[in-house]
Amino acid sequence: MPIICYNFAMFYFDYYRGQKVLKSDFISEVAAFFTLRKHPEPDFGVTPKQTHSDHVEFVDDRTEYPDTDGLILTKSGQACYLRFADCTPLIFYNPKTNIGAVSHAGWRGTAQKIGIRTVEKMGGDPSDIIAVIGPAIGLCCYEVSDEVRAKLLETVSNKEGLSQGRNVDLKGINARQLQEIGVERIDICPYCTSCNNDLFYSYRKENGTTERHYAMLALP
């Protein structure tokens, strides 16, 4: 039976290098967390050049990953971080293989099913993968055009509860996509970045801010 937490999400605040961060009880084996507005600068790992694509890469000896919105870690000691301000952060971990990933799912990435592409590229059985969906703009605040709404909703078979008028639930759509390919353990952050702009950056609420918070992952 899938375990999908939303209203009773297993998120809690902790500290990293003296700054408050957001973690999920679903992943305790690895260093996986989301930073807030006030955050430590990353002192480990690589970060890609994000372009709202569905391109996912394995981390290797390179220092640059152009046109990439998902990174997969396969070796102990590897680490990465991606940047966000309303878009949906996705952290994945397979405890059986010690493979993890972080992906960036704005509406374009969500429409292109970047979460599914990441899980498929990680390999193995999707039911072994833990997915943690971080703070992002919520159904309450994310109004889109009819065209964008249609593109997002057509990515899932079960559309129930994922839209209200012209508003859509990006976190919920990403979770539903993953659920429909067999990911059974999904924790969904209850925080909307626009409603909780005191905690997180919001591109919409702050009129196109260039500031970002991070999703960070390091393998043991």
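Of all the numbered requirements in (1) in contact (Cβ under 8 Å) with a residue 60 or more places away in the chain; (2) farther than 16 Å from THR118 by Cβ, LYS49 misses one, and that requirement is (1). Within the stretch 176-201, the set of residues being surrounded by 24 or more Cβ atoms within 10 Å (Cβ to Cβ) and over 23 Å from PRO95 (Cβ atoms) comprises THR193, PHE200. For the stretch 54-75, a residue qualifies if it is surrounded by 23 or more Cβ atoms within 10 Å (Cβ to Cβ), in a loop (DSSP other than H, G, I, E, B) and hydrophobic (A, V, I, L, M, F, W, C), but none of them does.
Read-outs throughout are calculated quantities, based only on the coordinates presented, and are distinct from any laboratory measurement. Since the model is a prediction, treat every value here as computed from it, not as a measurement. Neighbour counts are summed over all protein chains in view; Cβ atoms, including those assigned to glycine, are modelled from backbone coordinates with ideal geometry.
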